[in-house]
Amino acid sequence: MFVTSAYGQETAPADQGATTTDVLIGTEVPHEAAEEGLFPPFNPETFASQIVWLAITFGLFYLFLKRVAMPRLAGIVETRSGKIASDLDQAARMKEEADAAVAAYEQELAQARAGAMAIGQKARDAAEAEAGAVRKKIEAELDKKLAESEAHIASIKSNAMKDVGAIAESTASAIIEQLVGKADKAGVAAAVKSVAG
């Protein structure tokens, strides 16, 4: 260790007459000797030993890298490559499963739509059949009521016609009596029947 003289010496009191280089502390290298030597890495006398130590250190470092570090790095790279490959395989497998699930879902959806269409068609057919049956029933009832109404109208018409004949006979008799005086009821009835007939 190099220590400067300012820190490495003690000064004696001025009355004792001591010099500044009388007392040295520690392993101080005198200033004069330190100025004569060069910094060891730049000293040409130590170049040979430095090159030997550089070769030894480089060789040991190379052996360390070749035997220890590089195999570990190669193992890490290989492990990561294997992990990446297995992850890619797993991702491909999961994609295939997802595609299969989507295909199954679409197939089930298509089947559900077809089932819904079939149910809707059955419901339409049933509603049409029920509506047809109700319509036929109503038409039969209406036909029956129409036939009854026609029969009733015919009955009323025939009764009205009978009354018309009687009214016509009485009206004709009244007119004849007014004009002639006395009318023959059998002749008037035969005349009305021949006209109505």
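Annotation: of all residues in segment 151-171 being in contact with a helix residue (DSSP H, G or I) (Cβ under 8 Å, 6 or more places away or on another chain) and not charged (D, E, K, R), the one that is surrounded by the most Cβ atoms within 10 Å (Cβ to Cβ) is 168. Looking across 182, 144, one residue alone is part of a helix (DSSP H, G or I) and open to solvent by 60 Å² or more (accessible area, probe 1.4 Å). It is 144. For residue 84, the conditions (1) at pLDDT below 95; (2) aliphatic (A, V, I, L, M); (3) surrounded by 10 or more Cβ atoms within 10 Å (Cβ to Cβ) are fulfilled apart from (1). One residue is enough: does segment 89-109 have a residue meeting the conditions part of a helix (DSSP H, G or I) and over 27 Å from the mean Cα position of the chain (by Cα)? No: segment 89-109 contains no residue that is part of a helix (DSSP H, G or I) and over 27 Å from the mean Cα position of the chain (by Cα). Might you check whether a residue that is part of a helix (DSSP H, G or I), exposed (fewer than 10 other Cβ atoms within 10 Å of the Cβ) and among the hydrophobic types (A, V, I, L, M, F, W, C) occurs anywhere in segment 47-68? Yes. Listed by first and then second residue, the pairs with beta-carbon distance under 6 Å, at least 6 apart or on different chains, first residue in segment 154-173 and touching a residue at least 40 places away in the same chain (Cβ under 8 Å) and within 16 Å of residue 191 (Cβ to Cβ), second small (Gly, Ala, Ser) and not in a helix (DSSP H, G or I), form an empty list. Taken together, 174, 98 contain a single residue that is open to solvent by less than 60 Å² (accessible area, probe 1.4 Å) and modelled with pLDDT of 90 or more, which is 98.
The values are calculated or read from the model by the stated rules, or taken from the named source; none is laboratory data. Nothing here was measured: the structure is a model prediction, and the numbers come from that model. All Cβ positions, even for glycine, are placed from backbone atoms using ideal geometry, and neighbour counts span all protein chains on display. We work out accessible area using only protein heavy atoms, side chains counted, and drop any ligands, DNA or RNA first. Shrake-Rupley method; radii C 1.70, N 1.55, O 1.52, S 1.80 Å.
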